[in-house]
Amino acid sequence: MGLPRQLHRGDGGAVNTRETRLTTANDVLDFLAEKETTTGGGVFVAGKEISPENYVQGKEIEARAPTRYSGGMKVKLLGLLLVFALLLPFRVLAETDEAPRGQNALRKFGRGLANVLFGIVEVPNQITKVTAEHGGGAGATYGLGKGLARWIGREFTGVYDIVTFPVPFPKGYKPIMHPEFPVEDYEP
């Protein structure tokens, strides 16, 4: 709209004597409004007459739906999260350098991971134990069956320990299967 324009009055309308590029109907109407004229004499753009009824053309813009949280609430929430993020490392620091004693949630979680990942060790372990006690035939049959049963038990117990590690059940995070870890009683 900052281009210089020269007009002269024609037959009831305004004429653009300089080649000012008017690309949209809004440009034409703005051009005419500056010179205090109307489209009474007929202004055409691309073969269509421009009139005030079709002055605004284009896509309607819908108002945005209100959000659930206002700007102030978002700032407060972000500040609260920042405080927790900064203070959390201080809570995690150990009071001593000693390893934890007894059963706790972290040990239960680790026990669950060990049972899921290494539960398969029960199969050769039981075959070896039964073979040592009762001979090769018993190890190949009874030892294999006992190892498979203990392996499946370890898998289910491990999944249970992983899912429920924050809950102190059985009382005091005690292990369900004994030995606690699948490799504790392995005898090569």
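A short reminder: the numbers here are calculations on the coordinates, not readings from a lab. Quick caveat, the model's predicted, so the values are computed rather than measured. Don't worry about glycine lacking a Cβ; one is built from the backbone with ideal geometry, like all the others, and counts go over all protein chains shown.
Suppose R0 equals 25 Å. What FRET efficiency, 1/(1 + (r/R0)^6) with r the Cβ-Cβ distance, do THR164 and LEU82 give to the nearest 0.05? Intermediate values should be presented prior to the final figure.
On the way: r = 32 Å, r/R0 = 1.27.
FRET efficiency, THR164 to LEU82: 0.20.
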- Which value in nm describes the separation of the simple spin-label points at PHE118 and GLU180, placed 7 Å from the Cα toward the beta carbon? 1.3
- Across region 123-132, in residue order, what do the Karplus-derived ³J(HN,Hα) couplings come to in whole Hz, using 6.51 cos²θ - 1.76 cosθ + 1.60 with θ = phi - 60° and x for Gly and Pro? 5, x, 4, 5, 4, 5, 5, 5, 5, 5
- Item | Cross-link table LYS76/LYS174; LYS108/LYS129; LYS108/LYS146; LYS146/LYS171; LYS146/LYS174, entries beyond 31 Å C-alpha to C-alpha | LYS76/LYS174
- On the first, second and third principal axes, largest extent first, how far apart are the outermost C-alpha atoms of region 105-173 in Å? 44, 20, 14
- Message: Give me a comma-separated list of calculated 3J(HN,Hα) values for region 102-118, in order, Karplus coefficients 6.51, -1.76, 1.60 applied at θ = phi - 60°, integers in Hz, x for any Gly or Pro.
- Response: x, 8, 8, 5, 5, 5, 4, 5, x, 4, x, 4, 4, 5, 6, 6, 10
- Task: Using θ = phi - 60° and the Karplus relation 6.51 cos²θ - 1.76 cosθ + 1.60, list the HN-Hα couplings for region 154-159 in order, rounded to whole Hz, with x at every Gly or Pro.
- Result: 5, 4, 5, 5, x, 5
